[in-house]
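Please read the structure below before turning to the comments.
Only the coordinates and a few stated rules stand behind these numbers; no lab work does. Quick caveat, the model's predicted, so the values are computed rather than measured. All Cβ positions, even for glycine, are placed from backbone atoms using ideal geometry, and neighbour counts span all protein chains on display.
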Amino acid sequence: SGDVTLEYVIAMKLVEMSNACNTVITRGFDAELSDGDIHHFSLTTQDQLNLITLSTMLASGETAIPYHADDELCKFYSAADITAIISAATAFKTYQVSYFNALKAYVESLTDIEAVGAITYGVEIPVEYQSDVLKFLLSQVVNEE
């Protein structure tokens, strides 16, 4: 028969959620820098490699490091600003990956095809499927608001 199995629907949903997670990560994050403004930075695989290079330059004592925010010209950033960019990038990616891992566990626990179908990236995850890392990150977000 042409019945779609729960396992199939879950597998397809996890592919969809993985793609959504990667899209969100790639789109990037905002970081407030020493100029007091919020700047947006993409986080493609290449951008992530660039940030590793920046942290190496930072570690070697560079104080004027070339980089650019989205839709901005390349410019020299202070060590403090580069640190802020790298910290924001790391926190942002860590959150998305932790969220996705919890979402995967949650989706795999569902027994109703319609419930699986209704899942979207960003949906609230029941506490029992949240990792300690995700719980900690969510508590930080709440404290900042």
Dipole check, the chain, charges on Cβ (K,R +1; D,E -1), about Cα centroid: among Gln96, Val141, Val116 the Cα furthest to the positive pole belongs to Gln96
Percent of Cα-Cα pairs per 10 Å bin, from 0 to the last occupied bin, for the chain, please list those. 10, 33, 27, 19, 8, 2, 0
Percent relative contact order of the chain, based on C-alpha pairs within less than 8 angstrom and at least six residues apart? 26
Using 1/(1 + (r/R0)^6) with R0 = 25 angstrom and r between the beta carbons of Ala91 and Thr45, what's the FRET efficiency to the nearest 0.05? 0.85
In units of 2.2 N^0.38 Å, the Cα radius of gyration of region 17-67 is 1.34
Could you give the nm distance between label points at Ser18 and Thr53, where each point is 7 Å from its Cα heading toward the beta carbon? 2.9
Nearest 20 debye, what's the magnitude of the dipole of region 8-79 about its Cα centre given +1 on Lys and Arg Cβ and -1 on Asp and Glu Cβ? 360
Taking the Cα centre of the chain as the origin, how large is its charge dipole in debye, to the nearest 20, when only Lys and Arg (+1) and Asp and Glu (-1) carry charge on their Cβ atoms? 380
Projected onto the charge dipole of the chain (unit charges on the beta-carbon of Lys, Arg, Asp and Glu, signs +1, +1, -1, -1), the Cα from Thr56, Val24, Thr45 with the largest positive-side position is that of Thr56
